[in-house]
Amino acid sequence: MTKALGMIETIGVATSIKAADEMLKNSFVQIVKQSVADAALITIIIEGDISSVKAAVEAGVLIAKQNKALVSFNVIPHPEKGTNHLIRD
């Protein structure tokens with residue numbers, strides 16, 4: 001199975017947690033990392049098969065938009081192995 005990466009960047013921890021919860025409930029994905037840029041800018045990175053990641057990101061984006069906290073989002077269908085060090089601790 002080819003893994004995909006999905007990212008949602010939000011303003012606020014509460015919205016980030018709610019979006020992450022919705023992503024996990026919506027699709028079979030795993031959280032890879034939560035990145036905190038400052039007190040309010042939070043990025044959640046998930047992985048899974050391409051269709052699951054797309055569906056999960058869509059669900060998380062909806063939550064973030066409802067809370068007026070969406071900054072950005074992206075799905076990388078086939079991430080290059082070299083990008084692994086950017087997201088793994």
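Since every read-out is calculated from the coordinates, none of them should be taken as a lab result. Since the structure is predicted, the reported quantities are computational estimates derived from the model, not experimental observations.
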With a ≥ b ≥ c the root eigenvalues of the C-alpha gyration tensor of the chain, is it rounded (a/c under 1.5), prolate (a/b larger than b/c) or oblate? oblate
For Cα pairs less than 8 Å apart in space and 6+ apart in sequence, what is the mean separation divided by the residue count of segment 3-71, i.e. the relative contact order in percent? 46 percent
Under a GNM of the chain (C-alpha, springs under 10 Å), which listed residue has the highest mean-square fluctuation: D21, D49, D38? D38
Using Cα springs under 10 Å in a Gaussian network model of the chain, which residue among S35, S16, S52 shows the largest mean-square fluctuation? S35
Which of A14, A69, A59 ends up with the largest GNM mean-square fluctuation for the chain, with Cα atoms connected below 10 Å? A14
Please give the length that would be gained between V13 and N67 if that part of the chain were fully extended, namely 0.36 nm times their separation in residues minus their C-alpha to C-alpha distance (nm, one decimal). 18.3 nm
Segment K81-I31, length gained on full extension (0.36 nm per residue, minus Cα span): 16.2 nm
Given segment 3-71, what count of lysine pairs have C-alpha atoms under 20 Å apart, with each pair 8 or more places apart or on different chains? 12
Nonlocal amide H pairs with G12, under 5 Å, H built at 1.01 Å: L41, I42
